[in-house]
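Participant: What follows is a structure written as structure tokens; I'll ask about it next.
The values are calculated or read from the model by the stated rules, or taken from the named source; none is laboratory data. Since we're looking at a predicted model, the values are computed, not measured. Reconstructed Cβ throughout: ideal geometry from the backbone, glycine too, with neighbour counts over all protein chains shown. Side chains are part of the model used for accessible areas, which takes the heavy atoms of the whole protein and leaves out ligands, DNA and RNA. Shrake-Rupley method; radii C 1.70, N 1.55, O 1.52, S 1.80 Å.
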Amino acid sequence: QVRLVESGGGLVQAGGSLRLSCVGSGMIFSTNAMGWYRQAPGKQRDLVAAITSSRSTNYADSVKGRFTISRDNAKNTVYLQMNSLKPEDTAVYYCNAASSSRFLGQGLSSWGQGTQVTVSS
């Protein structure tokens with residue numbers, strides 16, 4: 001059974017940085033596409049960043065140039081480095097894993113429990 005555990009969330013002032021981590025188990029981590037999603041209160045869950053097994057990346061326009069997704073397959077971990085944080089980045093951030101990037105965020109993918117990120121102005 002796939003298990004994803006996120007950590008690294010917290011409260012930070014605008015302009016600050018946080019690094020989220022997600023450790024995966026019960027899966028062949030290196031072959032999976034990984035994604036970070038976020039959901040603010042009253043809003044839908046949206047893709048923030050994704051990385052394929054070959055380390056190709058893509059980002060939501062709202063975070064390009066500020067966030068970086070990376071992975072360490074030896075540690076079964078995917079990271080999201082978040083810089084220049086803004087109040088509108090406040091949300092619960094979820095880790096997602098899928099056998100292919102086209103399945104990220106969909107019914108066949110797996111989700112972590114989420115970690116809260118709050119950016120104060």
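Participant: Any idea which of (1) within 16 Å of Val2 (Cα to Cα); (2) open to solvent by 60 Å² or more (accessible area, probe 1.4 Å) is the one Gly24 doesn't satisfy?
Facilitator: (2)
Participant: Taking the conditions exactly as written (in a loop (DSSP other than H, G, I, E, B), in contact (Cβ under 8 Å) with a residue 60 or more places away in the chain and open to solvent by 40 Å² or more (accessible area, probe 1.4 Å)), does Ser53 satisfy them or not? Give the derivation first.
Facilitator: Working: in a loop (DSSP other than H, G, I, E, B): yes; in contact (Cβ under 8 Å) with a residue 60 or more places away in the chain: no; open to solvent by 40 Å² or more (accessible area, probe 1.4 Å): yes.
So Ser53 does not fit the description; no.
Participant: Would you point out the residue of segment 91-119, among those that are open to solvent by 40 Å² or more (accessible area, probe 1.4 Å) and closer than 21 Å to Ala40 by Cα, that is modelled with the lowest pLDDT?
Facilitator: Result: Gly107.
Participant: Show the residue pairs that are 6+ apart or on different chains and have beta-carbon atoms under 7 Å apart, the first residue being within segment 28-39 and open to solvent by less than 40 Å² (accessible area, probe 1.4 Å), the second being assigned to a helix (DSSP H, G or I) and modelled with pLDDT of 95 or more.
Facilitator: If the second residue must be assigned to a helix (DSSP H, G or I) and modelled with pLDDT of 95 or more, the pairs left are Phe29/Asn73.
Let's see how each residue does on (1) of a type in the set (A, V, I, L, M); (2) outside any helix (DSSP H, G or I):
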| position | (1), (2) |
| --- | --- |
| Asn58 | no, yes |
| Arg71 | no, yes |
| Ala74 | yes, no |
| Leu80 | yes, yes |
| Leu85 | yes, yes |
| Asn96 | no, yes |
| Arg102 | no, no |
| Gly107 | no, yes |
